[in-house]
Amino acid sequence: MTLRLDAPAAAREHCAATRDKGTRWGFVPTMGALHEGHLALVRRAKRECGTVCVSVFVNPLQFNDPRDLERYPRDFEGDVRLLSSAGCDMVFTGTLEQFFPEAQGAPQAIRSVDPGPAALGLEGALRPGHFTGVATIVERLFDFVRPECAYFGAKDYQQTLVVRHVARVRGGPRIVVCPTERAPDGLALSSRNALLEPSWRERAPAIHRALLAAREAWRGESLRAAPELARRMHAVLAQSGLSVEYAALRDPEAWTEADPRGALSRAVALIAARAGGVRLIDNLRLDAE
């Protein structure tokens, strides 16, 4: 049975009390509308830490588009049922004012947390303020839970770099990035997939096919420069009807705001595209097995 708490302060008290008895907490921060990708994080946290908690909070600080915030899928009761089936020990939620009592209806009073250099370019450029909002809520969540490990999915690649930065600056927790969970046709699992109309759902797997095309070119060792690899991805995406915001390459060990120059010795391919009115992102490490 999963313990359900409706206030972050109650979660903080519960985590502190159990930690004093030797409990090691694994933590999975989410915005709800949970799917198998989230549950895979929960199961891994349970295996590695023994006890796992999940936060469910649609964080307004990381939305630069109010319409996107309004239509983001929410199903807390369904989330609790799924978490119970996955072995989650505790789930908590709350309001912005409960997470940030200093706000009291004035979000501008919240102290922003620096998201670090990985916030530059791509998602950071297209969604101003997004990663500052992510860094700010993640630090606050870490303060409440004080976990040994926190688990994130690799689909939000740039976000994982931001979260690592936050953890490094504060001295923990250990960040565990887990592989992207996919549908049988390759589409990365995402809470936003529930918003896709059927015709767009059929086209959306082109994102993964484009990433695979870049990896195939990389493995052929004939293409190792960002512009040529990006063209391979654009060629696949052009046939899908998706509206492409970027199809880009980055050095995963040396993030840069602009496209890297010259031949790459390691690379991650990243795509953001809109399927109708739904924005989807995905990525693939090209130099990994």
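The values are calculated or read from the model by the stated rules, or taken from the named source; none is laboratory data. Nothing here was measured: the structure is a model prediction, and the numbers come from that model. Cβ sites come from the backbone with ideal geometry, for glycine too, and all protein chains shown count toward neighbours.
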Fill in: Leading residue by the ranking (surrounded by the fewest Cβ atoms within 10 Å (Cβ to Cβ)) among those in segment 189-244 that are within 24 Å of the chain's Cα centre (by Cα) and charged (D, E, K, R)
Glu197
Worksheet item: Among all residue pairs at least 6 apart or on different chains, which show Cβ distances below 7 Å where the first residue, located in segment 151-163, is without any contact (Cβ under 8 Å) to a residue 40 or more places away in the chain and the second is of a type in the set (A, V, I, L, M)?
Response: Gln159/Val134; Thr160/Ala154; Thr160/Val177; Val163/Val138; Val163/Ile175
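For segment 45-70: of the residues being in a helix (DSSP H, G or I) and in contact with a helix residue (DSSP H, G or I) (Cβ under 7 Å, 6 or more places away or on another chain), which is nearest to Ile175 (Cα to Cα)? Quick ask: steps written out before the conclusion?
At the first step, the residues of segment 45-70 found to be in a helix (DSSP H, G or I) are 45-49, 60-62, 66-70.
Now restrict to residues that are in contact with a helix residue (DSSP H, G or I) (Cβ under 7 Å, 6 or more places away or on another chain): 60-62, 69.
Values: Pro60: 23, Leu61: 22, Gln62: 20, Leu69: 26 Å.
Filtering segment 45-70 for residues that are in a helix (DSSP H, G or I) and in contact with a helix residue (DSSP H, G or I) (Cβ under 7 Å, 6 or more places away or on another chain), the one nearest to Ile175 (Cα to Cα) comes out as Gln62.
Which ones in segment 23-43 are under 16 Å from the mean Cα position of the chain (by Cα) and assigned to a helix (DSSP H, G or I)?
Restricting attention to segment 23-43, the residues satisfying the condition of being under 16 Å from the mean Cα position of the chain (by Cα) are 27-42.
Result: Glu36, Gly37, His38, Leu39, Ala40, Leu41, Val42.
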Practice prompt. Could you check Glu221 against (1) over 29 Å from Arg44 (Cα atoms); (2) in contact with a Leu (Cβ under 6 Å, 6 or more places away or on another chain) and say which number it fails?
Written response: (2)
Worksheet, complete the sentence: Taking segment 253-281 and the residues there that are in contact with a strand residue (DSSP E or B) (Cβ under 7 Å, 6 or more places away or on another chain) and free of Cβ contacts under 8 Å to residues at least 40 places away in the same chain, the one that is surrounded by the fewest Cβ atoms within 10 Å (Cβ to Cβ) would be Gly262
Discussion item. So if I check each of Val80, Val113, Val91, which one is over 19 Å from the mean Cα position of the chain (by Cα) and surrounded by 16 or more Cβ atoms within 10 Å (Cβ to Cβ)?
Written reply: Val80
Worksheet, complete the sentence: Ala167 vs (1) closer than 21 Å to Leu34 by Cβ; (2) surrounded by fewer than 19 Cβ atoms within 10 Å (Cβ to Cβ): all pass except (1)
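Residues checked against (1) farther than 29 Å from Tyr72 by Cβ; (2) in the same structural domain as Gly121 (by TED's automatic domain parsing); (3) touching a Gly at 6+ places or on another chain (Cβ under 9 Å); (4) modelled with pLDDT of 95 or more:
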| site | (1), (2), (3), (4) |
| --- | --- |
| Leu211 | no, no, yes, yes |
| Arg215 | yes, no, no, yes |
| Arg232 | yes, no, no, yes |
| Ala248 | no, no, yes, yes |
| Asp251 | yes, no, no, yes |
| Glu257 | no, no, yes, yes |
| Ser265 | yes, no, no, no |
| Ala272 | no, no, no, yes |
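Going residue by residue through segment 11-26, is there one that turns out to be in the same structural domain as Pro147 (by TED's automatic domain parsing), among the hydroxyl-bearing types (Ser, Thr, Tyr) and under 20 Å from Val145 (Cα atoms)? Before the answer, list the steps.
So in segment 11-26, the residues in the same structural domain as Pro147 (by TED's automatic domain parsing) come out as 11-26.
From what's left, among the hydroxyl-bearing types (Ser, Thr, Tyr): 18, 23.
Next, only the ones that are under 20 Å from Val145 (Cα atoms) stay: 18, 23.
Yes, the conditions are met somewhere in segment 11-26.
Taking segment 1-22, which residues are aliphatic (A, V, I, L, M), more than 26 Å from Gln62 (Cβ to Cβ) and either in contact with a strand residue (DSSP E or B) (Cβ under 8 Å, 6 or more places away or on another chain) or outside any helix (DSSP H, G or I) (or both)? Let's see the steps before the verdict.
First, pick out the residues of segment 1-22 that are aliphatic (A, V, I, L, M): 1, 3, 5, 7, 9-11, 16-17.
Checking the rest, the ones that are also more than 26 Å from Gln62 (Cβ to Cβ) come to 1, 3, 16-17.
Of everything in segment 1-22, those that are aliphatic (A, V, I, L, M), more than 26 Å from Gln62 (Cβ to Cβ) and either in contact with a strand residue (DSSP E or B) (Cβ under 8 Å, 6 or more places away or on another chain) or outside any helix (DSSP H, G or I) (or both) turn out to be Met1, Leu3.
For segment 94-106, give me each residue that is closer than 25 Å to Asp156 by Cα and surrounded by 14 or more Cβ atoms within 10 Å (Cβ to Cβ).
Quick first cut of segment 94-106, residues closer than 25 Å to Asp156 by Cα only: 94-96, 99-100.
If the condition is that a residue be closer than 25 Å to Asp156 by Cα and surrounded by 14 or more Cβ atoms within 10 Å (Cβ to Cβ), then Gly94, Leu96, Phe99, Phe100 are the ones that fit.
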